[in-house]
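Please treat every number below as a calculation from the coordinates, not as lab data. Every value quoted in this text rests on a predicted model; they were computed, and no experiment measured them. Cβ placement follows ideal geometry from the backbone for every residue including glycine, while neighbour counts extend to all protein chains displayed.
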Amino acid sequence: MLSGLATWIESVIEKIGYLGVALLVGLENVIPVIPSEIVQPYAGFVAQRDNKSVVLMIVVATIACTAFFFIGVKYAVLLGILIGLFNEVYGF
């Protein structure tokens, strides 16, 4: 199962590049199905192999991780408020 996921992650990074790393790291924050332990090494591997900047891969991953974290927190708080209101109205 993880080999298929790793192959998919590698192909996303190869096709989309820096944007692919940003999306995968962001998805890992919102949906923790994609482990960063697979995304980060492949990002470095693809960067070295395709003559891309490893430092830029790290910067892109860090910015995406932080941005998606704050987006996730925002929606988690909103979901908590909605659940609280639902509980107040229906008394569950």
Neighbour-count ranking [beta-carbon atoms within 10 angstrom, fewest first] of GLU10, GLU28, GLU88
GLU88, GLU10, GLU28
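Order of TYR75, TYR18, TYR42, TYR90 from fewest to most other C-beta atoms within 10 Å?
TYR90, TYR75, TYR18, TYR42
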Here segment 11-21 yields Karplus 3J(HN,Hα) values (6.51, -1.76, 1.60; θ = phi - 60°; whole Hz; Gly and Pro given as x) of 5, 5, 5, 5, 7, 9, x, 4, 5, x, 5
Per-residue Cβ contact counts at 10 Å, fewest first, order VAL59, VAL46 as VAL59, VAL46
For the chain, calculated [θ]222 nm from helices alone, where every DSSP H run of n ≥ 4 adds -39500 (n - 2.57)
-29500 deg cm²/dmol
Under a Cβ-only charge scheme (Lys and Arg +1, Asp and Glu -1), can you give me the dipole magnitude of the chain about the Cα centre, in debye to the nearest 20?
160 debye
Towards the positive end of the charge dipole of the chain, with charges on Cβ (+1 Lys, Arg; -1 Asp, Glu), say which of TYR75, GLY91, PHE45 has the farthest Cα.
PHE45
